[in-house]
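Provided herewith is a single structure, encoded as structure tokens, for subsequent inquiry.
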Ligand code: SAH
């Protein structure tokens, strides 16, 4: 059941095999969701994914500058919205809590009246990670409350942040076959091992990007209703109560075709079926689909940009210079290399591959973006590429 013969099948792989024997093959979405979130053996429930000893490194774990720039974005967005009182600052999927720590430090320093009047809310599905976040943020002010879902966060003007959340939500895959797209499923091979197969279900090509009907056999299309549903939920809250959502993830700004399912284990790519529950699974986020989901709720797209452009426009280099001032050459070189990692382009760098999407409940000019775009308007496609990303 596992392609890692040294260890044998993981406990989760055995559980999946039993499930498939009794109920039939499972969709890629169900497989993905079980791998990450199974209550006993899911990756986020038991593994320590982040940092050098984990399976991957995220931008807030690379440098404090990332969270500080988001703090500056929050304060500027607060000014741009006429300084609403009683803001609820929300982070969904906060990992180790590092990003919020850096955001709060900046907000407290440059906008004390915002810090004094807002409440802070962490939305985390993993009790284990929520404990780590509590530890990281034990001295934080203002006080923070934890919730399992966004629906549990009380109403009010929202500032929602998420980094590398949407790629962790499940998605379906469909495979082109004679002009149709059939759902890709996880089944058992003759030896009882997990394998990919074609399922019985199919999707209407009208729900897929243009030219779906003429794709060659074997082409994979990815569809993520869970991601779109979360964005619609956020957008509906922003429409009702006002506010901003800043979503950062790696992915593409125009929908396309291709298999982007990836497993990462100890900073290396792994076969996604090899060790369920032991490897982090991700896929590229379709930002066009997220933006359309937000627009469908009547929310506004304040901007969409590559992460590098966004951070540089917020003053990343100036802040990095101040952080390095008076430090040793070694420390300055480390800051420089972190800046390149989060804002540069090319192999192993996040600046171009990661995208930033800002959604608002009302039409508002939001720095560092240009004019907001109303429902129905097309949004800027800055790169439009769909590369293969090395996340580790
Ligand atoms: N934002 C962090 C962590 C990214 S990993 C960082 O940048 O370092 C994804 C995070 O999202 C984890 O904390 C995971 O437990 C959480 N998560 C995944 N699905 C979730 C969901 N449906 N609701 C809330 N949190 C979720």
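The values are calculated or read from the model by the stated rules, or taken from the named source; none is laboratory data. None of these values were measured; they are calculated from a predicted model. Note that each Cβ is placed from the backbone with ideal geometry, even for glycine, and that neighbours are counted across all protein chains shown.
For the condition in the same structural domain as residue 313 (by TED's automatic domain parsing) and more than 13 Å from the ligand (Cβ to nearest atom), what is the one hit in 99, 65, 150? Even if it seems obvious, please write down each step before you answer.
Values: 99 fails: more than 13 Å from the ligand (Cβ to nearest atom); 150 fails: more than 13 Å from the ligand (Cβ to nearest atom).
Answer to the selection: 65.
Then there is this: Whether any residue in segment 7-14 is more than 18 Å from the chain's Cα centre (by Cα), assigned to a helix (DSSP H, G or I), free of Cβ contacts under 8 Å to residues at least 60 places away in the same chain and surrounded by fewer than 19 Cβ atoms within 10 Å (Cβ to Cβ) is what I want to check. Even if it seems obvious, please write down each step before you answer.
First, the residues of segment 7-14 that are more than 18 Å from the chain's Cα centre (by Cα): 7-14.
From what is left, the residues that are assigned to a helix (DSSP H, G or I) are 11-14.
Next cut, free of Cβ contacts under 8 Å to residues at least 60 places away in the same chain only: 14.
When the remaining residues are screened for being surrounded by fewer than 19 Cβ atoms within 10 Å (Cβ to Cβ), the result is 14.
Within segment 7-14, one or more residues are more than 18 Å from the chain's Cα centre (by Cα), assigned to a helix (DSSP H, G or I), free of Cβ contacts under 8 Å to residues at least 60 places away in the same chain and surrounded by fewer than 19 Cβ atoms within 10 Å (Cβ to Cβ).
For the condition more than 28 Å from residue 37 (Cα to Cα), away from the ligand (no atom under 14 Å from the Cβ) and in the same structural domain as residue 23 (by TED's automatic domain parsing), what is the one hit in 212, 197, 115, 111? It would help to see each step written out before you state the result.
On the way: 197 fails: more than 28 Å from residue 37 (Cα to Cα); 115 fails: in the same structural domain as residue 23 (by TED's automatic domain parsing); 111 fails: in the same structural domain as residue 23 (by TED's automatic domain parsing).
Testing whether each residue is more than 28 Å from residue 37 (Cα to Cα), away from the ligand (no atom under 14 Å from the Cβ) and in the same structural domain as residue 23 (by TED's automatic domain parsing) leaves just 212.
Within segment 347-357, does at least one residue satisfy the condition of being surrounded by fewer than 21 Cβ atoms within 10 Å (Cβ to Cβ) and at pLDDT below 95? Don't jump to the end; show me each part of the working.
We begin by selecting, within segment 347-357, every residue surrounded by fewer than 21 Cβ atoms within 10 Å (Cβ to Cβ); these are 347-349, 352.
Next, only the ones that are at pLDDT below 95 stay: 347-348.
Within segment 347-357 (the criterion being surrounded by fewer than 21 Cβ atoms within 10 Å (Cβ to Cβ) and at pLDDT below 95), the answer is yes, since at least one residue qualifies.
Next up: Which residue pairs have Cβ atoms closer than 6 Å, lie 6 or more positions apart in sequence or on different chains, and pair a first residue in segment 39-51 that is touching a residue at least 60 places away in the same chain (Cβ under 8 Å) with a second residue that is within 9 Å of the ligand (Cβ to nearest atom)?
42/36; 43/36; 43/280; 44/36; 44/126; 45/126; 49/280
Of these, 130, 224, 168, which one is within 12 Å of the ligand (Cβ to nearest atom) and crowded, with 21+ Cβ neighbours inside 10 Å? Don't jump to the end; show me each part of the working.
Working: 130 fails: crowded, with 21+ Cβ neighbours inside 10 Å; 224 fails: within 12 Å of the ligand (Cβ to nearest atom).
When all the criteria are applied, what remains is 168.
Taking residue 73 as the residue in question, decide whether it is within 11 Å of the ligand (Cβ to nearest atom) and within 27 Å of residue 345 (Cβ to Cβ).
Numbers: within 11 Å of the ligand (Cβ to nearest atom): no; within 27 Å of residue 345 (Cβ to Cβ): yes.
Against the criterion (within 11 Å of the ligand (Cβ to nearest atom) and within 27 Å of residue 345 (Cβ to Cβ)), residue 73 does not qualify.
If residue 155 passes every condition in (1) in contact with a helix residue (DSSP H, G or I) (Cβ under 7 Å, 6 or more places away or on another chain); (2) more than 30 Å from residue 21 (Cα to Cα); (3) within 13 Å of the ligand (Cβ to nearest atom) but one, which one does it miss?
Only one criterion is unmet by residue 155, namely (3).
Quick check on my filter: what residues within segment 15-59 are in a strand (DSSP E or B) and within 10 Å of the ligand (Cβ to nearest atom)?
Those that are in a strand (DSSP E or B) and within 10 Å of the ligand (Cβ to nearest atom): 50, 56.
Sticking with this structure for a sec: Pick from 85, 105, 96: which is more than 28 Å from residue 351 (Cα to Cα) and either surrounded by 14 or more Cβ atoms within 10 Å (Cβ to Cβ) or in contact (Cβ under 8 Å) with a residue 24 or more places away in the chain (or both)?
Details: 105 fails: more than 28 Å from residue 351 (Cα to Cα); 96 fails: more than 28 Å from residue 351 (Cα to Cα).
On inspection, the qualifying residue turns out to be 85.
Residue-wise test of (1) free of Cβ contacts under 8 Å to residues at least 60 places away in the same chain; (2) within 27 Å of residue 355 (Cα to Cα).
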residue: 158; (1), (2): no, yes
residue: 168; (1), (2): no, yes
residue: 183; (1), (2): no, no
residue: 187; (1), (2): no, no
residue: 191; (1), (2): yes, no
residue: 194; (1), (2): no, no
residue: 207; (1), (2): yes, yes
residue: 210; (1), (2): yes, yes
residue: 216; (1), (2): yes, no
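Could you tell me whether any residue of segment 30-44 is under 30 Å from residue 321 (Cβ atoms) and buried (at least 17 other Cβ atoms within 10 Å of the Cβ)?
Here is the first cut: in segment 30-44, the ones under 30 Å from residue 321 (Cβ atoms) are none.
So far as segment 30-44 goes, no, none of its residues is under 30 Å from residue 321 (Cβ atoms) and buried (at least 17 other Cβ atoms within 10 Å of the Cβ).
Of the residues in segment 297-348, how many are without any contact (Cβ under 8 Å) to a residue 40 or more places away in the chain and outside any helix (DSSP H, G or I)?
First, pick out the residues of segment 297-348 that are without any contact (Cβ under 8 Å) to a residue 40 or more places away in the chain: 312, 317-318, 321-322, 324-334, 336-337, 340, 343-346.
Okay, now just the ones that are also outside any helix (DSSP H, G or I), so 325-328, 344-346.
Counting residues in segment 297-348 that are without any contact (Cβ under 8 Å) to a residue 40 or more places away in the chain and outside any helix (DSSP H, G or I) gives 7.
Report those helices (runs of 4 or more DSSP H) wholly inside segment 62-136 carrying at least 1 residues which are within 19 Å of the chain's Cα centre (by Cα). Give the steps one after another, and end with the answer.
Details: elements: 64-80, 98-110, 112-117, 127-136.
Because the criterion is at least 1 residues that are within 19 Å of the chain's Cα centre (by Cα), the helices (runs of 4 or more DSSP H) in segment 62-136 that meet it are 64-80, 98-110, 127-136.
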